[in-house]
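Take a look at the structure below.
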Amino acid sequence: MAAIFQGVGAAAALSSLPSNSFDSKNILFSPRRSFSVRKAPSFVVVRSDGTMNLDLNPKGRRAQQFIANAVATKEDSSAASSSSKPGHELLLFEALREGLEEEMERDPRVCVMGEDVGHYGGSYKVTKGLATKFGDLRVLDTPIAENSFTGMGIGAAMTGLRPVVEGMNMGFLLLAFNQISNNCGMLHYTSGGQFTIPIVIRGPGGVGRQLGAEHSQRLESYFQSVPGIQMVACSTPYNAKGLMKAALRSENPVILFEHVLLYNLKERIPDEDYICNLEEAEMVRPGEHVTILTYSRMRYHVMQAAKTLVNKGYDPEVIDIRSLKPFDLYTIGNSVKKTHRVLIVEECMRTGGIGASLTAAITENFHDYLDAPIICLSSQDVPTPYAGRLEEWTVVQPAQIVTAVEQLCQ
Amino acid sequence: MALSHLAASASRSSSLLKPLSSALSLRRPISGDNSPLTVETSVPFTSHQCEAPSRSVETNPKELLTFFRDMALMRRMEIAADSLYKAKLIRGFCHLYDGQEAVAVGMEAAITKKDCIITAYRDHCTFVSRGGTLLEVFAELMGRQAGCSKGKGGSMHFYKKDSNFYGGHGIVGAQVPLGCGLAFAQKYSKDETVTFALYGDGAANQGQLFEALNISALWDLPAILVCENNHYGMGTAEWRAAKSPAYYKRGDYVPGLKVDGMDALAVKQACKFAKEHALKNGPIILEMDTYRYHGHSMSDPGSTYRTRDEISGVRQERDPIERIRKLILSHDLATEKELKDVEKEVRKEVDDAIAQAKESPMPEPSELFTNVYAKGLGVESFGADRKEVRATLP
């Protein structure tokens with residue numbers, strides 16, 4: 001049901017975002033429904049009780065078109081947070097914190113464990129203030145022992161608690177790979193369904209700003225084979241909060257991938273309670289010519305490339321796949337059936353990444369609908385170098401995306 | 001008589017003392033079933049950073065007879081599993097617990113079903129002491145539907161949620177952080193219960209164990225780490241694997257107790273002591289000095305790294321069942337013949353359970369895809385011929 005509504009609204013296109021600076025800039029969203037018509041964006045608010053309604057989220061500087069059931073909008077000024085606008089503005093890490101806080105209030109079984117999440121407030125401030133609010137037994141500072149505290153989180157989850165295990169950087173969770181793969185993923189199956197593991201494992205990953213090879217890892221490619229876990233990647237404050245809440249309410253173990261460079265994205269999100277479906281992809285920009293599948297930080301590179309593409313006359317359809325395991329083949333399939341061309345843009349490495357699996361999945365299922373081979377743009381199969389220019393070239397840049405679309409659409 | 005045995009063994013879950021009254025028809029009345037009896041443990045406890053409990057253990061005839069019966073059952077079950085493995089009805093890995101039964105029964109006697117136990121892959125007997133039925137054991141070993149994990153777990157993955165038995169884990173040492181997590185949950189919910197996390201002398205050198213111990217000590221968790229020291233980590237003797245084989249001292253700042261693991265009463269006393277300690281003071285380590293007669297698993301003959309004389313020596317001098325038998329006979333709680341009858345009944349019980357388990361069907365093919373996720377969301381799943389319709393997203 002929710003998938004049907006995906007096509008109705010769009011979260012909006014990113015207009016003027018330079019690829020390398022995300023710090024505290026007010027992100028402008030210009031509304032788009034199709035290439036030529038400019039309308040106010042609308043998106044689906046999936047409420048926690050399962051009902052849905054269309055809501056208006058006016059963002060962007062240009063005057064909005066009036067929509068029947070919406071709050072009247074007026075021109076946005078950058079510093080404003082006037083009470084007549086619905087929702088509130090916040091940064092992505094604050095959205096994560098809000099989601100976490102609301103769930104901790106709602107369910108006393110939710111607890112957080114990780115390094116420096118308590119008194120320090122979290123190395124990316126996601127858990128700031130939670131320890132003073134909920135106490136030391138619910139927001140736990142652990143020693144630097146990923147293997148064991150992930151194991152402890154899983155053990156606690158077996159009894160019914162709902163822990164959130166934070167890896168200070170996703171790469172550190174490699175130390176806990178055994179626990180995540182063998183215990184987290186498999187216990188529900190090997191116990192014949194006796195135990196569920198409602199744990200959420202989250203942390204920032206991805207290539208940051210010259211953090212070095214070991215701190216720029218993309219663990220989604222390593223975990224994607226583990227049976228029994230779900231993986232989601234957030235990319236905007238809206239879906240960060242929604243996915244965090246959904247992950248906490250899910251009975252399955254969920255790994256929530258955040259990105260180091262996206263924590264300071266600002267967006268206006270609704271005041272009311274909402275969650276995002278864990279298994280759904282997000283339609284960022286509907287289009288006709290080519291389907292571009294992406295997630296996390298690459299979404300913004302894609303949207304920047306989309307501007308250039310639009311100027312050149314192409315109409316890309318951009319989908320943020322969000323759900324890395326399992327893939328939302330329904331949304332993706334509908335898109336492929338419409339455009340017949342697929343470009344995958346991801347930050348994982350070429351070998352064995354999410355893109356590789358997605359390419360295989362689409363080829364297997366939708367081969368007849370493809371007019372051209374799938375192009376998958378991924379990071380280079382190298383350890384991320386420290387030097388800035390080299391680091392830029394390990395990840396996919398908007399120019400490469402434009403070239404790839406042109407190649408696809410020949 | 002036979003039916004009442006089966007019925008009694010079927011309802012093992014609530015109380016281990018229950019089958020006793022129907023199992024043994026003693027013509028000579030036991031001098032009060034519950035009349036207290038004090039027995040001395042074989043050796044005194046050695047302690048580290050704490051006061052050792054007394055050597056005198058309070059018990060009663062009923063309990064001793066229960067110990068005997070349960071241990072005989074476990075011994076028979078493991079030997080039967082040995083034959084089933086050689087008959088290729090059990091495949092893969094099969095790690096047998098015979099020789100170590102005293103740890104399982106002694107621990108169970110000291111705690112309630114609300115306390116959690118988690119162990120590694122040598123879990124058949126611990127599962128039974130937590131209330132698992134023989135049918136569930138043999139069916140799971142043979143991969144049938146009636147198994148405790150529906151045949152999908154196997155020998156190393158026995159679990160029983162309703163009596164807080166958390167398994168059953170294949171990776172050495174990984175269960176210890178899980179156990180500390182269980183203890184954390186108990187503290188979080190203020191349950192006043194404890195967790196026993198069992199591991200072997202081989203696992204005692206795993207880093208995650210010390211990590212988990214550190215966290216448990218920091219957070220004052222009611223975790224009791226029990227090292228079942230059978231002196232061999234598969235083929236490696238403990239003196240070749242650990243620089244300091246005094247496992248009860250390895251916790252350093254965490255108190256420890258060394259226990260004769262072949263004496264069920266000593267185990268019971270130690271576990272009782274540990275439970276009281278853990279609820280007040282946080283984690284404690286128990287080292288059970290025990291021995292396994294079989295090799296590490298069924299693919300290990302068990303005699304390449306130790307002599308047959310050693311094995312038979314332990315069997316003669318320290319066998320847990322013999323110890324209880326001697327105790328019972330010396331205190332005149334039952335006659336030789338009655339004890340032999342118990343063993344015969346137990347043997348029959350095991351044979352019946354095996355027969356029943358053999359009749360249980362193999363799991364359905366659709367079971368391949370159940371329980372991967374809770375509430376099975378729309379994952380792609382193909383049948384074996386890759387033509388089966390996928391599950392679709394809602």
Exercise. Of these, B:ALA197, B:ALA212, B:ALA217, B:ALA203, which one is crowded, with 24+ Cβ neighbours inside 10 Å and more than 8 Å from every other protein chain (Cβ to nearest Cβ)?
Worked result: B:ALA197
Exercise. Does A:ALA233 qualify as being out of contact with any Gly (no Cβ under 8 Å at 6 or more places or on another chain), within 14 Å of chain B (Cβ to nearest Cβ), buried (at least 24 other Cβ atoms within 10 Å of the Cβ) and on the phi < 0 side of the Ramachandran plot?
Worked result: no
Problem set entry | Qualifying positions in the range A:150-180 - in a loop (DSSP other than H, G, I, E, B) and over 23 Å from B:GLY167 (Cβ atoms) | A:GLY167, A:MET168, A:ASN169
Exercise. For the subset of the range B:150-163 comprising residues that are of a type outside the set (A, V, I, L, M), surrounded by fewer than 23 Cβ atoms within 10 Å (Cβ to Cβ) and more than 7 Å from chain A (Cβ to nearest Cβ), which member is nearest to B:GLY282 (Cα to Cα)?
Worked result: B:SER163
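Out of curiosity, is B:GLU349 loosely packed, with under 11 Cβ neighbours inside 10 Å, assigned by the TED database to the domain that holds B:GLN100 and in contact with a Leu (Cβ under 7 Å, 6 or more places away or on another chain)?
So B:GLU349 fails the test.
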Seminar exercise, completed: Given (1) crowded, with 21+ Cβ neighbours inside 10 Å; (2) within 24 Å of A:GLN210 (Cα to Cα); (3) of a type in the set (A, V, I, L, M), A:VAL382 misses just (1)
Seminar exercise, completed: Flagged in the range B:109-149 as among the aromatic types (Phe, Trp, Tyr) and away from chain A (no Cβ under 13 Å), in numbering order, are B:PHE138
Problem set entry | Single match in A:ALA360, A:ALA305, A:ALA387 (criterion: under 30 Å from A:ILE275 (Cα atoms) and loosely packed, with under 14 Cβ neighbours inside 10 Å) | A:ALA360
Exercise. Which is buried (at least 16 other Cβ atoms within 10 Å of the Cβ) and within 26 Å of A:LEU219 (Cα to Cα), of A:SER335, A:SER323?
Worked result: A:SER323
Exercise. Does any residue of the range A:186-205 turn out to be farther than 23 Å from A:VAL117 by Cβ, more than 9 Å from every other protein chain (Cβ to nearest Cβ) and not in a loop (DSSP other than H, G, I, E, B)?
Worked result: no
Exercise. Does the range A:333-353 contain any residue that is without any contact (Cβ under 8 Å) to a residue 24 or more places away in the chain and farther than 16 Å from A:LEU293 by Cα?
Worked result: no
Exercise. Scanning for something at pLDDT 95 or above and among the aliphatic types (A, V, I, L, M), does the range B:287-301 turn up at least one residue?
Worked result: yes
Problem set entry | Condition met for A:VAL345 (in a strand (DSSP E or B), among the β-branched types (Val, Ile, Thr) and touching a strand residue (DSSP E or B) at 6+ places or on another chain (Cβ under 7 Å)) | yes
Exercise. Which numbered condition trips up A:ASP136, out of (1) in contact (Cβ under 8 Å) with a residue 24 or more places away in the chain; (2) within 14 Å of chain B (Cβ to nearest Cβ); (3) in a loop (DSSP other than H, G, I, E, B); (4) closer than 29 Å to A:ASP273 by Cβ?
Worked result: (1)
Exercise. Does at least one position in the range A:290-299 carry a residue that is of a type in the set (Ser, Thr, Tyr), assigned to a loop (DSSP other than H, G, I, E, B) and either more than 14 Å from every other protein chain (Cβ to nearest Cβ) or surrounded by 20 or more Cβ atoms within 10 Å (Cβ to Cβ) (or both)?
Worked result: yes
For this session: Answer with yes or no whether B:LEU37 is aliphatic (A, V, I, L, M), surrounded by 13 or more Cβ atoms within 10 Å (Cβ to Cβ) and either in contact with a strand residue (DSSP E or B) (Cβ under 7 Å, 6 or more places away or on another chain) or at pLDDT 50 or above (or both).
Result: yes
For this session: Kindly indicate whether any position in the range B:151-169 is of a type outside the set (S, T, N, Q) and part of a helix (DSSP H, G or I).
Result: yes
Exercise. For residues in the range A:319-342 being part of a strand (DSSP E or B) and within 11 Å of chain B (Cβ to nearest Cβ), which is nearest to A:VAL226 (Cα to Cα)?
Worked result: A:LYS325
For this session: Only one of these is free of Cβ contacts under 8 Å to residues at least 60 places away in the same chain and either of a type in the set (Phe, Trp, Tyr) or outside the structural domain of B:TYR97 (by the TED database) (or both): B:TYR247, B:TYR305. Name it.
Result: B:TYR247
For this session: Evaluate the following for B:ALA109: is it touching a Phe, Trp or Tyr at 6+ places or on another chain (Cβ under 9 Å) and modelled with pLDDT of 95 or more?
Result: yes
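The values are calculated or read from the model by the stated rules, or taken from the named source; none is laboratory data. In this text the structure is predicted, and so the values were computed from the model without any measurement. Virtual Cβ from ideal backbone geometry, glycine too; neighbours counted across all protein chains shown.
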